[in-house]
Structure formats: C-alpha cells, structure tokens
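Working notes for the structure below.
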Amino acid sequence: MIWPSPHHSDAHSRSRSFLYLSLTAVFLLFTYQLLLNRELLGSVADWASDSAFPSLGFDSSSNTPDASGIEIADTNENENDKLIAIHGSHSINDPSSPSSTPSKSINLGIPTSTPSTSIHVAPTQTSVPPREKELVFAAMLKSNMSWVTENLPEWHSNIYRVDASPEQAEWTVPANRGNEAMVFLTYIIDRYDSLPDVSIYLHSSRYQWHNDNPLYDSVISVRDLQPTFVRKAGYVNLRCTWAIGCPAELEPARYYRERPDDQDHITAVLFPDSFAQLFPDLEMPERVGVPCCSQFALSREKIHERPLEDYIWVRQWLLDSPLDASITGRIFEYSWHIMFGKPTEFCLDPRQCFCNTYGYCNMSDEDLQQQWQWRGQTLPEGWPDVPDAPTQANLAGEAETGTEQSTEHSPEQSPDQSSEHPANEGKPDEPKKSSRKRSLALADEMPDISDASRQALRDAAV
C-alpha cells in the first residue's frame with residue numbers, strides 16, 4: 001500500500017474544506033433567495049387585497065382622481081361569452097305599490113358578448129367604510145357646487161366632473177356620454193363594494209325646473225327624502241308629479257311594429273331598438289311610463305341585486321352607442337326603473353308618493369296642484385329671489401300643516417303689492433297673466449315629449 005505524503009494530505013484536506021464551504025455558501029444563498037421570493041409573493045398578495053396600501057403611504061380610502069378612467073383591454077373571450085344574469089326582480093303586477101314584492105331572478109338581458117373589445121373598468125373602492133347616505137352629482141368643471149357643502153354638510157358628496165381629465169377633478173368619467181347616465185353608472189362601478197345604505201343621484205344645479213317642490217330646490221328634496229322608505233322600496237324616483245312621463249311617455253311595441261317617422265318625439269322612435277339591446281330577455285312593452293327626469297335614490301341592496309359586471313357592460317353599451325348623448329341620456333331616463341326591478345309603467349299616485357317619499361301627507365288637491373308648476377326649463381333669472389317666487393317664511397308656515405306652500409301668493413303676501421313694486425298696485429293679476437302666457441308658450445316649445453306630456457305642462461303652467 002502506498003500512503004500519501006503529509007504534503008499531499010494537507011492539500012487534499014484544504015480542497016475538501018473549500019468545497020464544503022462553497023456548497024454551504026450556495027445552500028445559504030439558495031435558502032435566502034427562497035425567503036425573498038416568499039416575501040415578494042406575500043407582498044403581491046397584500047397589494048392585490050389593498051392591505052399593502054397603508055405601508056406604501058397610499059391611502060386606499062381616498063377618492064383617487066384617475067379611478068374612473070382606466071382602460072383594460074379585452075384579454076379573455078371566454079369571459080365575454082358568458083351570459084350575465086340579473087339576479088334582481090321585476091314586477092308588473094302592482095304599479096301603484098313601490099314596495100310590492102317583485103318576481104324572483106330575471107335575466108335583464110345582458111347580451112352574450114360585449115359591445116366592444118375594450119372595457120373601461122374602474123377599481124372599486126373596497127376600503128371605503130360604508131356610510132349611511134351619500135349624494136352623487138353629475139357636474140361640469142364650471143359647475144359651482146358650494147351649495148352642497150353649505151346646505152347639506154351631513155351628506156357625503158361625490159361630484160363627478162364629466163368634462164374633466166383625471167388631473168383636473170377628484171372624480172370623472174371615461175367619456176362624456178349619455179349625460180348623467182355615465183356618472184351614475186360610473187359611481188356604482190367605482191363604489192360597488194363600499195356602497196352606502198342610501199345613495200341619491202342628482203344633477204348639479206340647486207334650483208331645477210323639475211324638482212318637486214314650490215322652490216324647485218334640491219336642498220329641500222334631499223332634506224325631506226325619507227331614507228327608511230328608500231331602503232324599503234329599493235328604487236325611489238325623486239319626482240312624484242306626473243308631468244312629464246306619466247301615465248305613459250313611450251309606446252315601444254307600437255313604434256317597433258310601425259316604425260313611424262315621429263320627429264317631434266325622437267326618443268320614442270329610437271327607444272325600442274335600444275330596449276331590445278339592453279333588455280333582450282324582456283318582452284317589448286306596450287307602454288313605458290315614469291316621472292321624468294333621471295333623479296332617484298337607491299338602496300345598497302337594490303344595487304347589489306345585479307352583479308358588478310352588469311353595470312360595466314351597460315356603461316360600455318353607453319360608451320359605444322352611436323346615438324347622440326342627449327338621446328342616450330333620455331333612453332336611460334325611461335330605463336332606470338326597469339333596470340332596478342320596477343314595472344315598465346311605474347307612475348304612482350302622487351298623493352301617496354309625496355307622503356312616502358317626502359313625508360308630505362294629508363295633501364289637498366290644491367296642495368298637489370301647487371306643489372309643482374311649470375315655468376319652463378329655465379327658471380326666471382335670479383330665482384328664487386324674484387317677485388313671484390314663494391318665500392321661505394311662507395313655506396315654513398305651510399309646513400306646519402303638513403304640506404308645502406303654493407307658488408301662488410295670497411293678496412296679503414304678494415311681493416307684487418309690496419312697497420318695492422308700487423307700479424303693480426291695483427293690478428295684481430297682470431304679472432300672473434304674463435307669466436302664464438310665457439309658460440304656455442314654453443310648453444308648446446318643449447322638445448321630444450309626447451302630446452300627453454305637453455298637455456300636462458300646459459295644465460301646470462303658472
């Protein structure tokens with residue numbers, strides 16, 4: 001046997017030690033890399049669930065400016081081929097009862113493919129704690145919304161500026177299409193997982209001709225709205241007066257069959273085809289009736305009767321529609337109640353509606369007549385600081401009897417007979433005659449309404 005020399009043994013020992021150290025270093029590096037990868041995966045998971053936002057210095061509860069304008073390309077055709085069923089409800093049995101129990105699970109007709117190859121999807125604000133009540137406004141950059149915080153500080157407001165870029169406004173929309181419809185759908189998409197108990201959907205101006213009180217004041221409408229009734233009914237139109245929209249504004253089935261060239265009511269002409277696209281599983285209704293004008297309140301539960309994907313699809317339909325924004329906005333005006341499970345003809349008894357919706361009970365026929373009057377789509381300049389407007393004092397006095405004050409002044413209260421208007425002394429009816437003549441003319445000029453609605457405006461002329 002040949003024994004190795006001591007020198008050869010030492011060299012061999014050093015080689016083995018170096019090898020062992022190298023293997024140990026490789027093992028430690030490999031183990032460290034595994035730990036790093038595990039932490040990275042955990043961070044990604046945390047980010048996806050929003051839990052990592054606070055550690056990154058990002059407040060995920062804030063309303064980020066660009067939350068409503070992210071475009072995500074269509075990468076999954078199989079998902080788009082799914083029929084999106086509406087697990088809501090739809091009743092056609094009792095049009096007079098807002099709280100009637102609708103029928104179960106109806107497919108509200110989302111087609112089996114998306115309208116285009118790209119869908120604008122906003123990340124939902126899942127970390128916003130649910131509030132009791134919120135306001136949603138369709139506004140523009142020029143809209144002065146200070147009246148909201150000044151008069152309704154107890155309400156959380158969401159003001160969407162439809163003509164703003166994400167850098168210009170806290171909230172905006174993918175495109176200025178469909179008037180207020182784009183805002184309302186975008187809010188629902190943005191906040192689907194953190195909706196308040198009650199949300200109210202409004203136009204931006206405080207004083208609007210269609211607001212259902214003698215001052216046409218949105219502040220009164222919001223303050224007097226009964227949230228308990230909204231939670232019970234699910235969908236509540238903020239307008240009880242039948243002019244415009246009731247008892248029936250549209251005749252989709254007849255217009256679909258006959259295809260009349262009705263240029264005086266273009267929405268009626270275009271509504272049937274849009275209805276068929278939006279609600280393909282519903283029978284074309286003979287009549288559609290609901291009080292105008294796209295202002296309503298919803299409960300969280302009513303919105304959640306439909307999955308988020310439905311609202312995304314409907315908004316994409318609106319984005320892709322070739323119709324003018326004024327037309328698509330009006331199509332939605334006569335579709336919201338259907339979308340949220342109400343009968344196609346949803347014209348409630350005004351007296352009962354005012355009692356349930358605003359708490360104005362025990363109203364007389366005269367009270368109902370004077371609760372809303374037609375002055376035209378544009379209120380007199382300076383409203384409500386004009387001679388023929390009701391005063392807050394008069395409204396407060398009438399409120400003690402459980403009703404709202406008329407827009408007609410008694411002779412003792414008429415500003416036309418005050419010291420500020422001496423020229424009208426002895427002629428108290430002259431301003432009324434002039435105002436009524438103007439209102440009648442404006443009723444005749446009102447575009448895109450039915451003959452019945454035009455007559456209703458004439459009957460309600462001041």
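The values are calculated or read from the model by the stated rules, or taken from the named source; none is laboratory data. Computed from a prediction, not measured in an experiment: that's the story for all the values here. A quick note on method: Cβ atoms are made from the backbone with ideal geometry, for glycine too, and the neighbour counts reach across all protein chains shown.
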How do the pairs read when you match residues in the range 350-367 that are free of Cβ contacts under 8 Å to residues at least 12 places away in the same chain with residues anywhere that are surrounded by fewer than 15 Cβ atoms within 10 Å (Cβ to Cβ) and assigned to a loop (DSSP other than H, G, I, E, B), using Cβ under 6 Å and keeping only pairs 6 or more apart or on different chains?
-> Cys355/Cys361
Which one is nearest to the chain's Cα centre (by Cα) among residues in the range 364-382 that are surrounded by 21 or more Cβ atoms within 10 Å (Cβ to Cβ) and more than 16 Å from Cys293 (Cα to Cα)?
-> Gln371
Does Tyr255 count as of a type in the set (Ser, Thr, Tyr), modelled with pLDDT of 95 or more and either within 16 Å of the chain's Cα centre (by Cα) or under 30 Å from Gly359 (Cα atoms) (or both)?
-> no
Every residue from the range 258-298 that is more than 17 Å from Gly341 (Cβ to Cβ), among the charged types (D, E, K, R) and out of contact with any strand residue (DSSP E or B) (no Cβ under 7 Å at 6 or more places or on another chain) | Glu258, Arg259, Asp261, Asp262, Asp264, Asp273, Glu286
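May I ask you to list the residues in the range 180-227 that are small (Gly, Ala, Ser) and either under 18 Å from Glu150 (Cβ atoms) or in contact with a Cys (Cβ under 9 Å, 6 or more places away or on another chain) (or both)?
Ser204, Ser205, Ser218, Ser221
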The range 148-204: number of residues that are basic (Lys, Arg) and part of a strand (DSSP E or B) | 1
In the range 205-230, the residues that are in contact with an Asp or Glu (Cβ under 7 Å, 6 or more places away or on another chain) and either outside any helix (DSSP H, G or I) or free of Cβ contacts under 8 Å to residues at least 12 places away in the same chain (or both) = Arg206, Tyr207, Asn211, Asn213, Pro214
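Taking the range 279-306 only, how many residues are in a loop (DSSP other than H, G, I, E, B) and among the polar types (S, T, N, Q)?
Adding up the residues that qualify gives 2.
Residue by residue, here is whether (1) touching a residue at least 60 places away in the same chain (Cβ under 8 Å); (2) surrounded by 22 or more Cβ atoms within 10 Å (Cβ to Cβ) holds:
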{"site": "Ala181", "(1), (2)": "yes, yes"}
{"site": "His203", "(1), (2)": "yes, no"}
{"site": "Ala253", "(1), (2)": "no, no"}
{"site": "Phe279", "(1), (2)": "yes, yes"}
{"site": "Arg287", "(1), (2)": "no, no"}
Go through Cys240, Cys246 for me and flag whichever is crowded, with 22+ Cβ neighbours inside 10 Å, assigned to a loop (DSSP other than H, G, I, E, B), more than 20 Å from the chain's Cα centre (by Cα) and not acidic (Asp, Glu).
-> Cys246
Tally, over the range 335-363, of residues that are within 26 Å of the chain's Cα centre (by Cα) and part of a loop (DSSP other than H, G, I, E, B) = 12
